[in-house]
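Inspection log for the structure reproduced underneath, given as structure tokens.
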Amino acid sequence: MPLLIQGGRLITATDDYQADIYCQGETISRIEPAIDPKTLPPGTEVVDAAGKYVFPGFIDPHVHIYLPFMGTYAADDYASASKAALAGGTTTLIEMICPGPTDDPFEAFELWRSKAAGLAAVDYTFHMSVVRFEEHVREQFRKIVASGVASFKVFLAYKGALNLSDEHLFAAMKLAKELGVIVTAHCENADAIDALQRALLAAGRTGPEWHGPSRPPTVEADGVHHLCTFAELLGTHVYTVHTSCDAAVREALAARYRGVNVWIESVIPHFLLDETYAERPGFEGAKYVMSPPLRAKANQEVLWNGVKSRAISTIATDHAPFSFRGQKDMGKDAFTKIPNGIPSVQERVDLVHTYGVSMERMSLHTMVDACSTQAARLFGLYPRKGAIRLGSDADLVVYDPAYRGTFGKKGSYSKVDYNAYEGWERLGRPSAVTVRGAIQVKDGEFVGTIGRGQFLAREATH
Ligand code: URP
Ligand code: ZN
Ligand code: ZN
């Protein structure tokens, strides 16, 4: 059905103006100061955006939905995760494909695609994890890139599971350079963490509060330095995911000054939750175990300022949903067995609006840039996504900045049994969200169609 969004204040990464938007089919076909509805085809749906912002659909470039990890599976599926994403204004997800070290990469790609097809209500694409890189899988990675997955993921952490040896890391980054594929990377030194974990457990330090001390900032900074050294040697473009602390940001910026093509992602839990959350008594801290861990509060201003100055390109979530009961409690006797992750896909944009924009830590333009446009540019989706332009996909968020409420489990679409931001004040909410011209959310409620989401094939542009 044709759609008219009337009277809104259009805010992109660069522009701010009053206009009407008309969407015919799946794309934006007119943007004009005032479009007379009488000139439009009968049946055109009209959304009144007076007093509201209109943003390009938000993109979360780092989520986990189907994830076999630490002896369990992430709790969401594409239906719950995409409803949650949409209710929070996110219209495109980039999920990490994380196979085990003995799995066949192309089969993994097909498996992850099958998990999304038919259930996604958002558009989606993937970063392909390279968890081993022997000669015989080289052709499979080429085939995956040719199928439209133009980014790799590597884990320098998780020894014995997802961690890649230096030999394989070098070979994978070499292929990425050859193919023009950007390498996204979890940067923490796996061996250092392993040794620290063993020492802590041997000393009887088993609770969730010891997760942070087992992977201090230097361990992450070392990982960033290592990745950037390989990038410097090979010319590969790299992107540090969930960059959590001053020391790691500094390493990435130092590499950038040396000429390394490195971009920085940080994720919403690290901006707002500090290490004291993981120290909460009664095993409550397990809800706040993620990697890299929550940091000392002083790091948060570094992240906010990093976004404001645009040193940090993107704000993602690293949505990795594990319930407190039945999953996080697998680590009752040892913090090393607590599945890592803090789900935030529904909350990200409203948290950035409430605690970033409203507290003058960033402008609305920066919010759009960090939560949408930069991800589109870096991962080959721009200007189809991340923009309000003629011909762009009609992924639009009509946002009510005057809405007042709270974050919490109530109203959340994720299957996880807790909300890390329970009871926090919320300023603003998407009042309508469209994906390729179809309304998927009205006033915070999912009203769309499960299965409408499409796989986004991307070109390698690095
Ligand atoms: O704690 C996290 N980040 N869990 C998900 C896996 C990963 O490292 O991204
Ligand atoms: Zn990670
Ligand atoms: Zn992740």
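The table for this structure:
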quantity: Residue among PRO292, PRO281 that is within 16 Å of ligand 2 (Cβ to nearest atom) and either more than 18 Å from GLN374 (Cβ to Cβ) or free of Cβ contacts under 8 Å to residues at least 60 places away in the same chain (or both); calculated: PRO292
quantity: Odd one out for ALA320, checked against (1) more than 16 Å from ligand 2 (Cβ to nearest atom); (2) out of contact with any helix residue (DSSP H, G or I) (no Cβ under 9 Å at 6 or more places or on another chain); calculated: (1)
quantity: Pair list, Cβ < 9 Å and 6+ apart or interchain, from segment 91-103 residues that are open to solvent by less than 10 Å² (accessible area, probe 1.4 Å) to residues that are basic (Lys, Arg); calculated: THR91/LYS385; THR91/ARG436; THR92/LYS385; GLU95/LYS115; MET96/LYS153; ILE97/ARG113; ILE97/LYS153; CYS98/LYS153
quantity: One residue from ARG142, ARG205 being open to solvent by 50 Å² or more (accessible area, probe 1.4 Å), among the charged types (D, E, K, R) and closer than 30 Å to ASP393 by Cα; calculated: ARG142
quantity: Failed item, numbered, when GLY223 is tested on (1) open to solvent by less than 40 Å² (accessible area, probe 1.4 Å); (2) part of a helix (DSSP H, G or I); (3) more than 16 Å from ligand 3 (Cβ to nearest atom); calculated: (3)
quantity: Candidates VAL137, VAL122, VAL131 - the one that is within 16 Å of ligand 1 (Cβ to nearest atom) and either more than 25 Å from MET173 (Cβ to Cβ) or open to solvent by less than 20 Å² (accessible area, probe 1.4 Å) (or both); calculated: VAL131
quantity: Residue in segment 323-332 that is open to solvent by 40 Å² or more (accessible area, probe 1.4 Å), of a type outside the set (D, E, K, R) and closer than 20 Å to GLU220 by Cα present; calculated: no
quantity: Sole exception among (1) away from ligand 3 (no atom under 16 Å from the Cβ); (2) on the phi < 0 side of the Ramachandran plot; (3) not hydroxyl-bearing (Ser, Thr, Tyr) for GLY259, by number; calculated: (2)
quantity: Segment 341-351 - residue that is open to solvent by 10 Å² or more (accessible area, probe 1.4 Å) and either in contact with a Ser or Thr (Cβ under 6 Å, 6 or more places away or on another chain) or farther than 21 Å from PRO61 by Cα (or both) and, of those, nearest to ligand 2 (Cβ to nearest atom); calculated: PRO343
quantity: Count - residues of segment 18-34 that are in contact with a strand residue (DSSP E or B) (Cβ under 7 Å, 6 or more places away or on another chain) and closer than 19 Å to ASP395 by Cβ; calculated: 11
quantity: Condition broken by ALA171, with the remaining ones in (1) assigned to a helix (DSSP H, G or I); (2) more than 21 Å from VAL131 (Cβ to Cβ) satisfied; calculated: (2)
quantity: Single residue of segment 54-73 satisfying the filter (farther than 16 Å from ASP395 by Cβ and open to solvent by less than 10 Å² (accessible area, probe 1.4 Å)) that is farthest from ligand 2 (Cβ to nearest atom); calculated: ILE65
quantity: Pairs with Cβ under 7 Å, 6+ apart, first in segment 182-210 and in a helix (DSSP H, G or I) and of a type in the set (Asp, Glu), second away from ligand 3 (no atom under 16 Å from the Cβ) and open to solvent by 30 Å² or more (accessible area, probe 1.4 Å); calculated: ASP191/LYS159; ASP194/LYS159; GLU209/GLU279
quantity: Given (1) more than 30 Å from ALA195 (Cα to Cα); (2) open to solvent by less than 10 Å² (accessible area, probe 1.4 Å), index of the condition ARG113 fails; calculated: (2)
quantity: Matching entry among LYS297, LYS308, LYS328 (being away from ligand 2 (no atom under 16 Å from the Cβ) and either more than 16 Å from VAL249 (Cβ to Cβ) or in contact with a Phe, Trp or Tyr (Cβ under 8 Å, 6 or more places away or on another chain) (or both)); calculated: LYS328
quantity: Helices (runs of 4 or more DSSP H) wholly inside segment 237-346 that include at least 1 residues being away from ligand 1 (no atom under 14 Å from the Cβ) and under 17 Å from the mean Cα position of the chain (by Cα); calculated: 268-272, 298-308
quantity: Qualifying residue in segment 305-319 (condition: under 19 Å from ARG280 (Cα atoms), aliphatic (A, V, I, L, M) and in contact with a Gly (Cβ under 9 Å, 6 or more places away or on another chain)); calculated: no
quantity: Some residue of segment 46-53 being modelled with pLDDT of 95 or more and either within 16 Å of ligand 3 (Cβ to nearest atom) or open to solvent by less than 10 Å² (accessible area, probe 1.4 Å) (or both); calculated: yes
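Here is a yes/no grid of residues against (1) over 22 Å from ASP350 (Cα atoms); (2) without any contact (Cβ under 8 Å) to a residue 24 or more places away in the chain; (3) surrounded by fewer than 24 Cβ atoms within 10 Å (Cβ to Cβ):
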{"residue": "PRO2", "(1), (2), (3)": "yes, no, yes"}
{"residue": "ARG9", "(1), (2), (3)": "no, no, yes"}
{"residue": "THR12", "(1), (2), (3)": "no, no, yes"}
{"residue": "ASP16", "(1), (2), (3)": "no, no, yes"}
{"residue": "THR39", "(1), (2), (3)": "yes, yes, yes"}
{"residue": "SER80", "(1), (2), (3)": "no, no, yes"}
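The values are calculated or read from the model by the stated rules, or taken from the named source; none is laboratory data. Everything numeric here is computed off the predicted structure, so don't read it as measured data. Using ideal geometry, Cβ is built from the backbone for each residue, glycine included, and neighbour counts are taken over all protein chains shown. Just the protein is used for accessible areas: all its heavy atoms, side chains included, with ligands, DNA and RNA removed. Shrake-Rupley method; radii C 1.70, N 1.55, O 1.52, S 1.80 Å.
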